[in-house]
Amino acid sequence: MPLIATGTAVQATPSVYSHTIKLVQHDTSPELNITLKDVTDSIAVDTSNVASIVLKFRPLAGGAIKATIAMYRVAPYTSGKIFMQWPVAVVDADGVSTSALDTAGVFTGEVELTYNDGKIQTVFDEIKFEVRGDY
């Protein structure tokens, strides 16, 4: 379960992966469910005042973000539960639409919350995705 830091000062460390999610290229049904908890006390993060939540999805090697995927809160919003569903359409520079799962490989994702007052909070732990080719 990803945890959100609440203002605690820490020294920068290399990327930390909360989980590795295994997917298959071109699948159209997987759903990702996450419970956000405060890293200091493991209490669920209240998303009542959150305007939007996204998962930024990019190749492990770095580079450009492949997809910015909308995530949704689950009521009651005090539970910290959020989810997203694949496939996610991706439009390239030439206007061609594909899916975020159109390529096999290893990817990372970070969850970003934007509150109603415009403040942004990003979950420190990244999520690792392994997408294997399908048959």
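The values are calculated or read from the model by the stated rules, or taken from the named source; none is laboratory data. Treat the numbers as computed from the prediction; the structure is a model and nothing was measured. Here the Cβ positions follow ideal geometry from the backbone for every residue, glycine too, while neighbour counts run over all protein chains shown.
Summary of computed values
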{"item": "Residues that are farther than 13 Å from Val88 by Cα and outside any strand (DSSP E or B), drawn from the range 21-36", "result": "Leu36"}
{"item": "Conditions (1) farther than 23 Å from Ser29 by Cα; (2) not in a loop (DSSP other than H, G, I, E, B); number of the one not met by Phe129", "result": "(1)"}
{"item": "The range 88-98: number of residues that are surrounded by fewer than 17 Cβ atoms within 10 Å (Cβ to Cβ) and either among the charged types (D, E, K, R) or closer than 13 Å to Leu23 by Cβ (or both)", "result": "2"}
{"item": "Pair list, Cβ < 6 Å and 6+ apart or interchain, from the range 77-105 residues that are in a helix (DSSP H, G or I) to residues that are surrounded by 13 or more Cβ atoms within 10 Å (Cβ to Cβ)", "result": "Tyr77/Thr47; Thr78/Asp46; Ser79/Ala44"}
{"item": "Verdict on Thr114 being part of a strand (DSSP E or B), without any contact (Cβ under 8 Å) to a residue 12 or more places away in the chain and surrounded by 14 or more Cβ atoms within 10 Å (Cβ to Cβ)", "result": "no"}
{"item": "Criterion: at pLDDT 80 or above, surrounded by fewer than 17 Cβ atoms within 10 Å (Cβ to Cβ) and touching a Pro at 6+ places or on another chain (Cβ under 8 Å) - qualifying residue of Thr103, Thr28, Thr20", "result": "Thr28"}
{"item": "Members of the range 60-83 that are at pLDDT below 95 and over 13 Å from the mean Cα position of the chain (by Cα)", "result": "Leu60, Ala61, Gly62, Gly63, Ala64"}
{"item": "Scan of the range 84-113 for residues that are among the charged types (D, E, K, R) and within 11 Å of the chain's Cα centre (by Cα), ordered by number", "result": "Glu110, Glu112"}
